[in-house]
1. Six or more apart or on different chains, Cβ under 6 Å: which pairs go from a residue in region B:36-63 that's under 15 Å from residue B:323 (Cα atoms) to one that's near ligand 1 (Cβ under 8 Å from one of its atoms) and modelled with pLDDT of 95 or more? Could you list them?
2. Could you check, for region A:278-291, whether at least one of its residues is within 14 Å of chain B (Cβ to nearest Cβ), modelled with pLDDT of 85 or more and surrounded by fewer than 22 Cβ atoms within 10 Å (Cβ to Cβ)?
3. Just to be sure before I move on: is residue A:188 farther than 30 Å from residue B:98 by Cα and assigned to a helix (DSSP H, G or I) in the structure I sent?
4. Which residues, taken from region B:59-99, are among the hydrophobic types (A, V, I, L, M, F, W, C) and in contact with a Ser or Thr (Cβ under 9 Å, 6 or more places away or on another chain)?
5. Does region A:88-107 hold any residues that are of a type in the set (Val, Ile, Thr), buried (at least 18 other Cβ atoms within 10 Å of the Cβ) and closer than 9 Å to residue A:178 by Cβ, and which are they?
6. What about residue B:313, is it small (Gly, Ala, Ser), closer than 17 Å to residue B:238 by Cβ and open to solvent by less than 20 Å² (accessible area, probe 1.4 Å)?
7. Answer yes if at least one residue in region A:192-200 is away from chain B (no Cβ under 14 Å), buried (at least 24 other Cβ atoms within 10 Å of the Cβ), over 30 Å from residue B:85 (Cβ atoms) and within 17 Å of the chain's Cα centre (by Cα), and no otherwise.
8. Take residue A:70 and tell me if it is part of a helix (DSSP H, G or I), touching a helix residue (DSSP H, G or I) at 6+ places or on another chain (Cβ under 9 Å) and surrounded by 14 or more Cβ atoms within 10 Å (Cβ to Cβ).
Amino acid sequence: MAAFVLRRLLIALPTLFVIVTLAFFMMRIAPGGPFDGERALPPEIEANLKAAYNLDAPLPEQYLRYLGGLLRGDFGPSFKTKDFTVAELILTGLPVSMKVGAGALVLALFFGVLLGTIGALRQNSAIDHSVMSLAIIGITIPTFVTAPVLSLVFGVYLGWLPAGGWHEGSLGALILPWIVLSLPLIAIISRLTRTGMIEALRSNFVRTARAKGLPEPVVVIRHALPAAITPLVSYLGPAAAGLLTGSLIVEKIFALPGIGRYFVDGALARDYTLVLGVVVVFATAIVVLNLIADILYGLLDPRVRYS
Amino acid sequence: MTPSTPRPADPAPVLAIEDLRIRFVTRDGAVRAVNGLSLSVGRGETLGIVGESGSGKSQTFLAAMGLLARNARVEGSIRFEGREMIGAGPRALNAVRGKRMTMIFQDPMTSLTPHMRIGRQLTEVLEHHEGLSREAARARAVEMLELARIPDARARLASYPHEFSGGMRQRVMIALALLTNPALVIADEPTTALDVTVQAQILALLARMTASGETSVILISHDLGVIAGLCDRVVVMYAGEVMEEGPAEALFANPQHPYTRGLLRSVPRLDRAGGDLVPIAGQPPDLEALPPGCPFAPRCPHVFDRCHTEHPALRPAAAVPSWRKACHLDGFETPPQREGA
Ligand SMILES: Nc1ncnc2c1ncn2[C@@H]1O[C@H](COP(=O)(O)OP(=O)(O)OP(=O)(O)O)[C@@H](O)[C@H]1O
Ligand SMILES: [Mg+2]
């Protein structure tokens, strides 16, 4: 198991390297630079700034210096948010994004699996049809519609919850972002669960479990459910990475100080180091969560365990 | 399970099926899988069920276990140890199945839960039905696996199903079915999916583990050799009906129904020398449009007018009173011959 994890992390290193390299050069190919403002800076000042941030060195040298820094855990200074290093910015933003994302993930898993299971158990009933219709709506309505609508209704008109803002991470401020982020996931998870559960309920081993005279909840939860959600796990790895590292849209609309926002702002401002830092965090999250997903997969299906 | 001593019909059968009818409602109409079937199994008896594929063997006993698909519509009566199983609620069913009545399925590769250790799959039954502690249940599970000749039983509790061969898994299924010392075990083609070399071992195991006479066995099989060797009595099914039933050995020695005779000629038997196999001519019956007369009439080599119009009832087929057949013909003096035999 430890060897398996280690091997997987080692395999991931070249992938991370390629991603960082691509991101580094793509940023530089894009026109503009961090110090292009509305008014052009006097040439001497711009030259000084570039020298200070090492931007006047040849590109390959800058690249090597950046990589060297990364290896030491140094993400470099932010060009735009003066006096802050990228690492500091990420460390303030990431917990916010993770809190928002983790809550949404838990909500989505709970309701997705619950609704999908009910749908499968009451296949083709009124409940099943309404859940699945809602799921389709959930998948098709984009977040940039649900976020402002819910914020407007519950935040502005009804005034039950804050329309936006972080409020020191209070529960009230988290509820709407959680709901908005989890809705499309609930839709997908419930559909995947329903399909998996219908298949599991038809399987021979569930027939055996019933033949044992076990009560239906035991049959469903102990025997059918793990098999039913196995296909879900491989989907959840990347989905969780996306959630935990911050949703650009939701963080923008609800004015949350997560790292998703840094990515957009950083890209627009050509804050090279900040964007690269977020990319590294995102890529690492994907690698780690896919690894967790694979381990979970092995727990749910011993046939594929750590091979 | 001794082949040579057919028991007299038990006054209080373990399982009594009466006029069972099972229809499946499908988009294209009703599939009439079982059509007025009656049979019973005595205490300690081993009853063989034979019939071509689709003759309703599995569905009949799935009905007894309350395991039919949701599109099934059932009529008639299935009494197990005096209790009616048709229409019984989940509580009543769960009090019986897995405890007093158990089932071994055809496909051991898929019939165990892949994500659960074998030990848990055995102990959950004992914990649920007998209220044993986990420790006591484990001890009993090991004992049962040892009886089923699984090497290193205690260590194998921690194994997952895929870590066993097909034959070993079927041994686990047999151990599972006999854990609670049930009154009836239904074995639905327990060896069909296994290597020929393992089949005999598995059947011998089943016979040995039920030899005490407390447990009745229903053995469903395509293999007439298996049935003849292991069963006291046999029921021959076609189109969801009993065509012929009687003492196994005598019945196979000289079957009285043309369908049984056809079956006998169509399958290889080790105990009968030479001769070519002759499949029964014609198609299996269309369960959505059964004829008004005898269901076997369209394929029967001895068919006459009456067969097409009048449905034959079960009637005595020989001097032995328990030997009956559903056929308008008088009877056959000699066993069926194979071409070239
Ligand atoms: N859910 C269902 N819906 C429609 N038809 C069904 C359903 N289940 C079974 N049947 C039909 O019922 C008939 C009897 O099936 P059954 O499983 O009892 O056959 P069998 O005698 O056990 O055959 P085999 O030897 O192949 O196992 C078959 O024609 C089958 O197609
Ligand atoms: Mg069958």
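1. B:49/B:57; B:49/B:220
2. no
3. Yes; evaluated as a whole, the condition is true for this residue.
4. Scanning region B:59-99 gives B:65, B:78, B:85, B:86.
5. A:100 - this is the single residue of region A:88-107 that is of a type in the set (Val, Ile, Thr), buried (at least 18 other Cβ atoms within 10 Å of the Cβ) and closer than 9 Å to residue A:178 by Cβ.
6. It is false that residue B:313 is small (Gly, Ala, Ser), closer than 17 Å to residue B:238 by Cβ and open to solvent by less than 20 Å² (accessible area, probe 1.4 Å).
7. No - not one qualifying residue is present in region A:192-200.
8. yes
The values are calculated or read from the model by the stated rules, or taken from the named source; none is laboratory data. These numbers come from a predicted model, not from an experiment. Note that each Cβ is placed from the backbone with ideal geometry, even for glycine, and that neighbours are counted across all protein chains shown. Areas reflect the complete protein model, heavy atoms only, side chains present, ligands, DNA and RNA absent. Shrake-Rupley method; radii C 1.70, N 1.55, O 1.52, S 1.80 Å.
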